[in-house]
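Got a structure here, written out as structure tokens. Questions coming.
The values are calculated or read from the model by the stated rules, or taken from the named source; none is laboratory data. Quick caveat: nothing in here was measured; it's all calculated off a predicted structure. All Cβ positions, even for glycine, are placed from backbone atoms using ideal geometry, and neighbour counts span all protein chains on display. Ligands, DNA and RNA are stripped out before the accessible areas are found, and what is left, the full protein with its side chains, is counted by its heavy atoms. Shrake-Rupley method; radii C 1.70, N 1.55, O 1.52, S 1.80 Å.
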Amino acid sequence: MERAFINFVFCGLLLLIGCVSSTTVRDLDPLIRRDLLANGLANTPPMGWNSWNHFSCKIDEKMIKETADALVSTGLAKLGYKYVNIDDCWAEIARDDKGNLVPKKSTFPSGIKALADYVHNKGLKLGIYSDAGYFTCSQTMPGSLGHEEQDAKTFASWGIDYLKYDNCFNDGSKPTVRYPVMTRALMKAGRPIFFSLCEWGDLHPALWGAKIGNSWRTTGDIADTWESMTSRIDMNDVYAELARPGGWNDPDMLEVGNGGMTKDEYISHFSLWAISKAPLLIGCDVRNATKETMQIISNSEVIAVNQDALGVQGKKVRMEGDQEVWAGPLSGYRVAVVLQNRGPHRINITARWDDIGIPPNSVVEARDLWLHKTLKKQFVGHLTATMNGHACKMFILKPIS
Ligand code: GLA
């Protein structure tokens with residue numbers, strides 16, 4: 001099974017390198033031909049919450065604190081959601097007279113250090129946002145271009161644990177030149193800070209991201225719709241072979257709980273993100289999450305697939321019309337499978353052992369991760385399931401002989 005998987009990885013890699021223009025590969029800045037980031041983080045994909053998808057610029061310290069409280073009181077923190085990430089719009093438009101970033105007085109009057117202390121006291125971690133350009137995307141605060149060392153020092157002194165680094169209003173230089181400057185600055189600042197490259201997939205960051213960051217966006221921004229969600233995960237799938245412990249492909253943050261998709265669609269969203277080893281960053285208002293939302297984002301069996309120690313991104317291994325089979329190896333010779341119905345009608349989908357990397361004659365036990373049941377039947381050669389439009393089934397398959 002392992003050899004089959006290595007072949008599968010190798011072929012995928014050749015295909016990818018063929019697809020990506022060779023100019024891009026040749027043009028990589030010499031600065032990042034070697035590893036710059038050694039922060040020991042991101043052994044598994046990051047889990048937490050981010051303010052952008054639900055709140056955009058309407059953020060303040062009270063809401064961030066309440067979110068931290070809610071992550072703990074709902075049990076989400078215990079499930080692994082530990083990063084509380086402030087996105088755009090947290091700072092004043094002007095730096096102080098020493099050139100330092102200044103938290104926005106009207107919304108973050110106690111400052112970011114106090115917020116970090118609050119969040120740390122709850123056993124959580126605090127993330128912040130900046131931009132490899134002159135302004136952030138909202139244009140309401142400065143970017144870090146030209147201030148990398150100073151800002152990295154500031155973040156470290158505040159106790160920041162995660163930096164999302166956006167790409168707006170830059171100077172036109174290549175991201176392969178601009179982003180490593182912040183990597184070096186973070187290393188110099190001396191605090192392990194998860195470095196999330198938000199370069200939107202422009203220059204195939206999957207090809208160089210692992211040397212300088214812990215995750216890299218492979219796509220433009222997600223929206224809370226089925227079309228947006230499925231297109232993000234497809235774009236991300238192209239780079240599956242390049243994810244590994246320490247550095248992960250990022251198809252953008254979760255929309256589960258924001259109201260634009262059905263329950264089945266959100267279950268598909270969460271399952272596809274989990275098997276793709278994507279960051280699981282909740283993007284809804286966890287203070288007011290419904291029972292249905294909580295059930296989805298709290299599925300510990302699905303989370304365990306995402307956080308599995310083997311750290312191999314699952315990928316789409318077969319696609320026929322609306323039928324999709326996604327699969328990836330897990331520790332203990334197990335295989336995670338998502339059978340995804342991309343169309344509107346009820347259909348059957350079959351996972352075949354030779355598609356998903358299980359030896360042909362293996363007898364397999366199947367655990368349904370959404371029903372929380374191990375199926376009575378054992379399977380040989382294939383497993384077929386039926387699902388409604390836009391719904392999925394997610395299994396862990398375990399060869400027993
Ligand atoms: C960009 C990023 C988003 C978000 C916004 C904030 O669009 O891709 O994830 O951070 O900026 O302005």
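Which of these, HIS345, HIS204, HIS390, has the largest mean-square fluctuation under a Gaussian network model of the chain (Cα springs below 10 Å)?
In this elastic network of the chain, the residue with the biggest mean-square fluctuation among HIS345, HIS204, HIS390 is HIS345.
Treating the beta-carbon of each Lys and Arg as +1 and of each Asp and Glu as -1, no other charges, what is the dipole magnitude of the stretch 100-258 about its Cα centre, to the nearest 20 debye?
Working: 16 positive and 19 negative charges, 175 e Å.
Dipole size: approximately 840 debye.
Just add up the charged neighbours of GLN378: K/R +1, D/E -1, any other residue whose Cβ is under 13 Å from the Cβ of GLN378.
Details: positive: ARG367, LYS376, LYS377, LYS398; negative: GLU365.
Net of charged neighbours comes to +3.
Can you send over the carbon and sulfur percentage of the accessible area for the chain, probe radius 1.4 Å, protein chains only?
54
Relative to the present Cα-Cα distance, how much length would full extension add between ALA223 and LYS105 at 0.36 nm per residue of separation?
Between ALA223 and LYS105, full extension yields 39.5 nm more.
Give me log10 I(q)/I(0) at q = 0.06, 0.09 Å⁻¹ for the chain, Debye formula, one equal scatterer per alpha-carbon, no solvent.
-0.23, -0.53
Could I ask something else about it? For ARG318, which sequence-distant residues (separation of 5 or more, or a different chain) have an amide H within less than 5 Å of its own amide H, given hydrogens modelled in the peptide plane?
VAL325
What do you reckon, how do LYS277, LYS104 stack up by accessible area (1.4 Å probe), largest on top?
Greatest to least solvent exposure: LYS104, LYS277.
Relative to the first principal axis of the alpha-carbon coordinates of the chain, what is the inclination of helix 175-189, with its axis defined by its Cα atoms, in degrees from 0 to 90 and to the nearest 10?
It works out to around 70 degrees.
Compute the helix-to-body angle for 226-237: its Cα long axis versus the longest principal axis of the chain, expressed 0 to 90° and rounded to tens.
So the inclination is approximately 90 degrees.
May I ask you to derive the FRET efficiency for MET319 and LYS113 from their Cβ-Cβ distance with R0 = 56 Å, giving the value to the nearest 0.05?
0.70
Let me check against my output: what whole-number percent is the relative contact order of the stretch 258-401, with C-alpha pairs under 8 Å and at least 6 apart?
For the stretch 258-401, the relative contact order is 23 percent.
Further question: Over the stretch 225-319, what is the mean sequence separation of C-alpha contacts under 8 Å (at least six apart), divided by residue count, expressed as relative contact order in percent? Before the final figure, lay out each step's value.
Numbers: 111 pairs, mean separation 32.2, N = 95.
Relative CO of the stretch 225-319 lands at 34 percent.
Please list, in order along the stretch 389-398, the HN-Hα scalar couplings obtained from phi with the Karplus expression 6.51 cos²θ - 1.76 cosθ + 1.60 (θ = phi - 60°), rounded to whole Hz, x for Gly and Pro.
Residue by residue, the stretch 389-398 yields x, 6, 9, 9, 10, 10, 10, 10, 9, 10 Hz.
Nearest 10 degrees is fine. How inclined is helix 61-73 to the longest principal axis of the chain, computing both from alpha carbons?
30
Quick one: which residues, 5 or more positions from ASN85 or on another chain, have an amide H under 5 Å from its amide H? H modelled 1.01 Å from N in the peptide plane, none for Pro or chain starts.
Distant-sequence amide H within range of ASN85: TRP49, ASN50, SER51, GLY127.
Now a separate question. In square nanometres, what is the average projected area of the Cα convex hull of the stretch 177-288?
Working: hull surface 30.6 nm².
So the mean shadow area of the Cα hull is 7.7 nm².
Sequence gap at least 6, Cα distance under 8 Å: using those rules, report the relative contact order of the chain to the nearest whole percent. Each step should come with its number before you reach the end.
Values: 874 pairs, mean separation 56.1, N = 401.
That works out to 14 percent.
Rounded to the nearest 500 deg cm²/dmol, what is the calculated helix-only ellipticity per residue at 222 nm for the chain, with -39500 (n - 2.57) per DSSP H run of length n ≥ 4?
For the chain, the value works out to -9000 deg cm²/dmol.
For the stretch 59-172, what are Rg and Dmax over the alpha carbons, in angstrom?
Here Rg and the maximum Cα pair distance are 14.2, 45 Å.
Using the heavy atoms of the protein chains and a 1.4 angstrom probe, tell me the accessible area per residue for the chain in square angstrom.
Using a 1.4 Å probe on heavy atoms only, each residue of the chain averages 41 Å².
Which residue fluctuates the most in the chain, going by a Gaussian network model with Cα springs under 10 Å, if the choices are ASP322, ASP264, ASP97?
Greatest mean-square fluctuation among the candidates belongs to ASP97.
Using DSSP to define loop residues, name the trypsin sites (Lys or Arg not before Pro) in the stretch 334-366 whose beta-carbon has at most 11 other beta-carbon atoms within 10 Å.
When the trypsin sites (Lys or Arg not before Pro) of the stretch 334-366 are filtered for loop state and at most 11 Cβ neighbours within 10 Å, ARG346 remain.
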